[in-house]
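The values are calculated or read from the model by the stated rules, or taken from the named source; none is laboratory data. Model, not experiment: these values are computed from the prediction. Don't worry about glycine lacking a Cβ; one is built from the backbone with ideal geometry, like all the others, and counts go over all protein chains shown. For the accessible areas, the whole protein counts, side chains as well, though only heavy atoms, and no ligand, DNA or RNA atoms are used. Shrake-Rupley method; radii C 1.70, N 1.55, O 1.52, S 1.80 Å.
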Amino acid sequence: MLFSRDFHCILTRKEQININKLPAHVAIIMDGNGRWAKAHGEQRIFGHHNGVKAVRDVTEASAELGINFLTLYAFSTENWNRPVDEVNALMELLVHTITQETETLMKNNVRLLTIGDTDSLPPRTKEELQAAIKHTSQNSGLSLVLALSYSSRWEITDAVKRLATKVKLGELQPDSITEQLIADHLNTAKIPDPELLIRTSGEQRISNFLLWQIAYTELYITDVLWPDFTKDEFYKALITYQQRERRFGLTSEQINPGTA
Ligand code: FPP
């Protein structure tokens, strides 16, 4: 808590968060590393390196607040088409960060998970990831989900293929396919849908991220570039989310009876 010059107390951004109204799952499209690097007269990879600090900050803030799931869009299926030097540098950065941060994840009771076509990652990246996932698997605090070689259309196509195979083998009747059954065949089967999706760098798009899961998710887009996204910026997003009225297709009066 802070005090103004006339001794009125001013709540810090963190204190303004209603701990009883936290989203259980926050997903983030981390964008703007390249532009941040350019603005600093550096190569794109410099932006990715500086983005790691923001990854650390939002992970720590989520664990401290008691958020259950944090999903970070770290590498999309489309990112494989970037210049080969940038892809290699990003893979190297992932290996380095995971190796270096595993003990911090342990200390903060954070469990690491991934979604995406992780079989397509280079062998060393895969090995380090699997080791960190195994090492942190018994942690019961925040689940940090890294979306790696992920795209929503890939994930939905994969789910449809597996459902079609079950129908072909006579294990499933087409009439038995429900929304829940489809959700159960996605990579995110055991993860609740995000209540809040944050995108940095001001771009107004979803970029093939969690298309099924964000049907009723609140969107928060900020102009801040990812390497500049601090804990305070994260708190700002949470406060904005808490001020929204989530109606899920109902009317405001249905959500708040007696206010009409
Ligand atoms: C988008 O910025 C960022 C990425 C594609 C990579 C995100 C990776 C990190 C933050 C580093 C490490 C991550 C983890 C989880 C350890 P951009 O390159 O698209 O930026 P631009 O739109 O300005 O070009």
How about region 196-260: which GluC sites (Glu not before Pro) there lie in a loop by DSSP and see at most 13 other Cβ atoms within 10 Å? 203, 245
I'd like to check one number: the per residue accessible area of region 210-260, probe 1.4 Å, reported in Å² as a whole number. 57
Please list 214, 206, 10 in order of solvent-accessible area, largest first, computed with a 1.4 Å probe with all protein chains present. 10, 206, 214
Cross-link partners among aspartates and glutamates for residue 53, C-alpha distance below 15 Å, same-chain residues fewer than 8 apart left out? 31, 101, 228, 232, 233
Judged on accessible area alone, 1.4 Å probe, highest first, 156, 98 line up as 156, 98
Under a Gaussian network model of the chain whose springs join Cα atoms within less than 10 Å, the largest fluctuation of 232, 175, 184 belongs to 175
Counting Lys and Arg as +1 and Asp and Glu as -1 over every other residue whose Cβ sits under 10 Å from the Cβ of residue 217, the net charge comes to -2
For the chain: rounded, prolate or oblate by the Cα gyration tensor [a/c cutoff 1.5]: oblate
Relative contact order of the chain, please, whole-number percent, based on alpha carbon pairs below 8 angstrom and at least 6 residues apart. 26
Rounded to the nearest percent, how much of the accessible area of the chain (1.4 Å probe, protein heavy atoms only) is carbon and sulfur? 52
Enumerate the helices in the chain for which the Kyte-Doolittle hydropathy averages -1.0 or more and the C-alpha atoms extend at least 30 Å along the helix's axis, using complete DSSP H runs. 44-65, 84-107
DSSP beta bridges in the chain, what fraction antiparallel, as a percent rounded to 5? 5
Within region 129-201, DSSP-loop trypsin sites (Lys or Arg not before Pro) with at most 15 other C-beta atoms within 10 Å are 190
Filter 190/236; 161/190; 126/231; 126/161 down to the pairs with a C-alpha to C-alpha distance above 26 Å, please. 190/236; 126/231
Comparing 185, 40, 49, which has the greatest mean-square fluctuation in the GNM of the chain with Cα pairs linked when under 10 Å apart? 40
Pick from 182, 115, 239: which is most flexible by mean-square fluctuation in a GNM of the chain where alpha carbon atoms under 10 Å apart are linked? 182
Within 13 Å, Cβ to Cβ, of residue 244, how many net charges do the neighbouring residues add up to if Lys/Arg are +1 and Asp/Glu are -1? 0
